[in-house]
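Following: one structure in C-alpha cells, then a few remarks.
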Amino acid sequence: MGDRPSSLARNREQTANPQEQLFDTHPEVSLDFEVVRQAARQKYTRPFLIIDTAIVREKMRRFRAAMPRVRPHYAVKANPDRRVLKVLAQEGAGFEIASTAELDLLLPLGVPAADVFFSNPMRSREANAYAAAKGVRWFVVDSVDELRRMHAVDPAACLYLRIATPNIGSDWPLSGKFGAGAAEAREIVAIAAKLGADLAGVTFHAGSQCRNPENWRVGIEKARTLFDAMAKAGLRPRLLDIGGGFPVRHVKPIPSIEVIGAVVNEALQAFPEDVQVIAEPGRYLVSDAGYFVCRVLGSATRAGKRWMHWDAGLFGGVIETTEGLKYKIRTDRSGPDIAWHVAGPTCDSVDVVMRDEPLPSDLQEGDFIYIRNAGAYTTAYASGFNGFPLPEVRVFESRPR
Ligand SMILES: *Cc1c(COP(=O)(O)O)cnc(C)c1O
C-alpha cells in the first residue's frame, strides 16, 4: 500500500483549494507492491499480470454504494479472465459483451443470459441469432441497419439506442465512432415504432477514463429527452444505460466514483422509479486490482538517445501508453532518472511503448518493471506477434482489508 500515505497527505493539502477538492476525494486503492515484488522474484518465465480479486470485490461494492440505483454490467473486454468474471458475478455484476465469444465465456460460469447486454452497435446476423437463441434479451442499436437486422432475427428483442454525447475530458473519446446524433435518433425511433420493434432504452458512453463528471449529466439529460420522444412515438422506454468510462488512478488526478455518483444520482431523479438503470464499467472494476510485470531485455544508444527494450511491448499488452495513458511505473532501481525511449521485444517499428519517459538511469538487463493499476486493457490486447509469448495471468485473493 505504498501509495496510501502520500495520497492521503495530498488530500489534506487540497482541502484548501475547492477546485482541486473535486479530485482525490477518496483514497484510491492499489495492489500491495510488496506482494507483486515477491511474486516476480519467486518465479518469472514471461511477462505477467497479477490480480488481487479482493480489490475487484471492493471496487464493485464501492461502485454500488456510490450509485445505489445503478447496477454495474462489467464490460468483459477490459479483462476477460474467467476467474475475474467469476468474482464479478459473485458480487452481483451483470455483464456487457461485444462478441459471442464473450458470451460463451460467461454462460459456463452460471451467468444468466438475461444479465448479459449486447452493447456492440454493429453485429453480424449470425451473432444476433446466436445470442438471442442463448437467451440474451437486450441488444444495442445506433443505426437503422442494425435495427432492421436485429428485428428480423428476433422481433421480440429489447433494444436500446446508443446516442452520441460529449466526451470532453476523457482520455479515449469514443463518441466519434459510435452513437446516433439527434436526427438519426429520431429516424431510428420512428422506424422502430413503425416496425413494432421494442426499442425500450437509451445508452451513451462518456468516453473511457473519463475525468469529467459532467459528461454523465449531459448524457442522462439527453436520454431523458429521448425517453419522452420514444413514449410519444408509442414506444415503452424503460432502460437507461449510463455506459462505462469511470476512471482509475494513474498519474493524473481523477474524480472519485463518489463525486461522479453524486452527479449521476442527481440527474437520475428525472427518471421514474420503475426505469431500470445500469452502467457498463470496465476499467474501473479491474485496473487497480492488477500490476503488470515485465523485464528489461537490454539497452542501446541510438542517435544519442537511450533506448531500453522490455520483454512486453505494444503486442504484449502494454499498449494504452500509445494513446497517451501515463502509468505509474516502479522499478527496483533508485535513479537518478533520465529520459528513456522504451520499446517492446518485436521488430515492428510501431512497437514503441513510450518516448522520453523518466526512468532510472541504471536500469539494465533482467531488471523488473512494475506497472501499477494495469488490470484492464493489457492482457486483453496481447497477441503472439513475432513469436513472443502471451503474458501469464496470476490471480489470487488477499484477505479482506
Ligand atoms: C469498452 C466499453 C465499455 C467499458 O469502458 P470503460 O472505459 O472500460 O469503462 C462499456 N461499454 C461499451 C459499449 C464499451 O465499448
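Read-outs throughout are calculated quantities, based only on the coordinates presented, and are distinct from any laboratory measurement. These figures come from a predicted structure and were not determined experimentally. With ideal geometry, Cβ positions are generated from the backbone for all residues, glycine too; neighbour counts draw on all protein chains shown.
The residue among Gly290, Leu314, Pro345 whose Cα reaches farthest toward the positive pole of the charge dipole of region 285-349, with charges on the beta-carbon of Lys, Arg, Asp and Glu, is Pro345.
Here Gln38 and Asp104 are evaluated by their C-beta separation; at R0 = 35 Å the FRET efficiency comes out at 0.50.
Across region 54-286, Cα-Cα pairs farther apart than 28 Å form 25% of the total.
With the convex hull of its Cα atoms as the shape, the chain has an orientation-averaged projected area of 20.7 nm².
The distance linking region 326-395 with region 46-94 is 25 Å (Cα centroid to Cα centroid, whole angstrom). If you plug the beta carbon distance of Val218 and Arg61 into 1/(1 + (r/R0)^6) with R0 = 22 Å, you get a FRET efficiency near 0.20. Size descriptors for region 261-379 (Cα atoms only): Rg and Dmax, in that order, 19.2, 65 Å. If both residues of a DSSP beta bridge must be in the chain, then about 40% of such bridges are antiparallel.
Ordering Val87, Gly201, Gln269 by the projection of their Cα atoms onto the charge dipole of region 54-286, which places +1 on the Cβ of Lys and Arg and -1 on the Cβ of Asp and Glu, puts Val87 at the extreme positive end.
Each label point was placed 7 Å from the Cα along the Cα-to-Cβ direction; for Leu390 and Arg82 their separation is 1.2 nm. Considering region 32-106, its Cα convex hull presents a mean projected area of 6.2 nm². The Kirkwood hydrodynamic radius of region 103-177, based on inverse pair distances between different Cα atoms, is 13.4 Å. A crude spin-label estimate for the pair Asp332 and Asp362, with each label 7 Å from Cα along the Cβ direction, gives 1.3 nm. About the centre of its Cα atoms, region 54-286 shows a dipole size close to 360 debye [charges on the beta carbon of Lys, Arg (+1) and Asp, Glu (-1) only; nearest 20 debye]. Using a cutoff of 8 angstrom between alpha carbon atoms and counting only pairs six or more residues apart, the relative contact order for the chain works out to 20 percent. Annotation: extensible slack from Ile168 through Ala233 equals 20.3 nm (criterion: 0.36 nm per residue apart, minus Cα-Cα distance). In angstrom, the C-alpha Rg and Dmax of region 310-401 are 14.0, 45. Relative contact order of region 332-401, taken over Cα pairs closer than 8 Å and 6 or more residues apart, is 28 percent. In terms of its Cα atoms, region 79-134 spans 32, 20, 14 Å along the principal axes, sorted from long to short. Placing R0 at 30 angstrom, the Cβ-Cβ distance between Ala113 and Glu187 gives a FRET efficiency of 0.50 after rounding to 0.05.
For the chain, give the magnitude of the charge dipole about the Cα centre (Cβ charges: +1 Lys/Arg, -1 Asp/Glu; no others), in debye to the nearest 20.
Using Cβ point charges on Lys, Arg, Asp and Glu, the chain gives about 360 debye.
Counting 0.36 nm for each residue step from Gln90 to Thr45 and taking away their Cα separation leaves a gain of 13.1 nm. With each label modelled as a point 7 angstrom along the Cα→C-beta vector, the Gln276-Glu397 pair spans 2.7 nm. Taking every full run of DSSP H in the chain, none both stretches at least 30 Å from end to end by Cα along its long axis and averages -1.0 or higher on the Kyte-Doolittle scale. Only Cα pairs under 8 Å and 6+ residues apart enter the sum, and on that basis the relative contact order of region 54-286 stands at 21 percent.
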